[in-house]
Each structure stands twice: as structure tokens, then as C-alpha cells.
Amino acid sequence: MSDFEDHRQALKTGTRLARYAVRRVLGAGGFGITYRGIDEGHEVGEPGRDVAIKEYLPFEIAVRLNDGVSVDVISAADEADYYFGLEKFEAEARTLARFAHPNIVAVRRFLTGNNTAYIIMPYERGIDLSTIIHSDQELFEEDIQEMLPPLLDGLAQIHAGGFLHRDIKPSNIYIRQADYSPLLLDFGAARQALGNRSRKLTTLLTPGYAPFEQYITDGNQGPWTDIYALAAVIYAVCLKDRPVEANVRIGAAANGRKDPFQPAAKRAKGRYSKQLLTAIDTALNLREQDRPQNIAEFRALLGM
């Protein structure tokens, strides 16, 4: 994960949140900041457990106050949006806490205070998939075949519970140092809900990984939405290049131009199996009805 130690809005090292102490910033985005921390609520003489702490702090409508801890809206006009996002942040945390899967990020505890909220999660040592993609390391089909089944199992459980991830991308897939197993991080449902509501927040989508229905406020989202994003991740793993943005593809079609998307089956021919590449391209169809409709269908296309 990236180091953002100089982030001006971040909590200072040593800040206490109940029994947790902030150590350093792990990452930051338009919706908040994630820290590495330590759980000091352990038995005397035992070392504290490392945790990850995700703080709700949408920078475009909220700001850190002079006490260095509390948060407030920038203006009264932002208040309704801020508390709407806070409610969605809590609802997402409580939903995720219901799921127990080794390859889906776990929610250990939810805290409120300082006019904001925090999600406490286990801290995992490893590296995100984006870092691997942008390195000289090549992932072969055997690596993909090993990484995908646990992610598909986790997503199937999430979808069965009536929930979507909505922000699958390489930086949200973590490869554990201990056993190289994948971990799906940072769900985006609350973030997208706030982005759709607030005119001040910039689009909270990741170009290349978000299907077109996520660009539309009332887009028809479902398991096929996450499947598109996961296929885009596999595309990036195979080609070290993300797919063309969905809105660019739609724009080309609207203007009678050829789809600028270059199929994986063409670009990676001979380096990966035809079945894998065809499954990727099928799941990257612009129209949601032309993609696998659920994880079982996608798994069948992949031959898993």
C-alpha cells in the first residue's frame, strides 16, 4: 500500500480511538483515509495486535478541525450529504460484518465519534495487485487459476447476501505475504451512493474497471457489475494494461464509430488459453445482459 504520511487531513501518529492507536497512513481517497493502527486492548504484557482503521472523511465536503481529531462539514449546504454518506458508511460496515470469508476483508468493529466513524479491520501484510501489474513480474495462467477461485467464492457469498462490491480493481485486491492468497478490500457501495447524491463530489469510479451502468445514477447494477470489474482486473493482469473506459466505448458507439476496446483474445493470443481470454471478453460486454449474470455463469465460462 502507498504511504501518505504527509496527508494534511490525516490523524496524527499516536491518536487514540477507543482502544486503538493510529500508527501511520496506509492510503487515502476522496471518501476517507485508511491507517495502520494497533489494538491496545490486550492483556497486560502481551503485544498489541495490528489493525487497519478506515475513517469516513469525504474531503470535498468535510474538513479536519483544529483539535486534530474532529471532523465537520465545510458549509451548511453540505450537511445533509455528509450525514447521508455517514449513514451509508455505517450501513456498509454492518453489512460486511455479517460475512465471514477468508478472502473478503473482515470488519472487526465499528466506532463512532468526533462527528465521524471508523471501521476496524485486521491488518494484512502483503502487496496489492496493482503494484504487481505495474512491476516487471508476469503472472501466468496458473497464477490466475489459483487466484480467481477464492475471489469468486467470496463474491458469490456477498452477492447471495444481496450486496455488491462496486469497486473491484487491482489496488483493491491484496495478495497476502504469508500464503499468497488474495483478499478483496474496500467495498465501494457507500462511496458511490454519496457520489450519486452530492454534486460537489467528483465521480468516484475507477476508469477502465467500472462498467457503464455505474456512470448512470439509476443504472441497472447487479452481480454482472462486479463481474465486469473482475474481468477488467484479469484483463489488466494478462496485458498489463486496463481496458478502454466504458463511457468512451459508449461514446464511440453513439457516434457511429468502432468500439475502441481491443479484445483480450486478440491481444494475448497464444500467451493464455482461449477459454480464459474468451471469458474475459464476454464479461467485458458493454450491455449487462450480454455478460454472465452471476458468479456461477462466470465460473462456467472460465472452466472452473
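Brief remarks follow.
- Evaluation of GLY85 against (1) more than 23 Å from TYR20 (Cα to Cα); (2) not in a helix (DSSP H, G or I) (one fails), failing number: (2)
- Among residues of region 117-134, those that are of a type outside the set (Lys, Arg) and in a loop (DSSP other than H, G, I, E, B), counted: 3
- Restricting region 91-116 to residues that are touching a helix residue (DSSP H, G or I) at 6+ places or on another chain (Cβ under 6 Å) and assigned to a strand (DSSP E or B) leaves a set whose member that is surrounded by the fewest Cβ atoms within 10 Å (Cβ to Cβ) is PHE110.
- Scanning region 136-156 for residues that are closer than 21 Å to VAL107 by Cα and either among the aliphatic types (A, V, I, L, M) or out of contact with any strand residue (DSSP E or B) (no Cβ under 7 Å at 6 or more places or on another chain) (or both) turns up LEU151, LEU152, ASP153, LEU155, ALA156.
- Failed condition for LEU185, given (1) hydrophobic (A, V, I, L, M, F, W, C); (2) surrounded by fewer than 21 Cβ atoms within 10 Å (Cβ to Cβ); (3) under 17 Å from GLY29 (Cα atoms): (2)
- Of residues in region 263-304 being assigned to a loop (DSSP other than H, G, I, E, B) and among the charged types (D, E, K, R), the one surrounded by the fewest Cβ atoms within 10 Å (Cβ to Cβ): ARG287
Conditions tested, residue by residue: (1) part of a helix (DSSP H, G or I); (2) modelled with pLDDT of 95 or more; (3) at negative phi.
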| residue | (1), (2), (3) |
| --- | --- |
| GLY219 | no, no, yes |
| TRP224 | yes, yes, yes |
| TYR228 | yes, yes, yes |
| ALA231 | yes, yes, yes |
| ILE234 | yes, yes, yes |
| ALA253 | yes, no, yes |
| PHE261 | no, yes, yes |
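- Residues satisfying the stated conditions in region 197-211, i.e. modelled with pLDDT of 95 or more and over 20 Å from SER130 (Cβ atoms): none
- Qualifying residue in region 287-302 (condition: of a type in the set (Phe, Trp, Tyr) and more than 18 Å from GLY222 (Cα to Cα)): no
The values are calculated or read from the model by the stated rules, or taken from the named source; none is laboratory data. Keep in mind the model is a prediction, meaning the values are calculated, not measured. For neighbour counting, all protein chains shown are included, and Cβ atoms are generated from backbone atoms with ideal geometry for every residue, glycine included.
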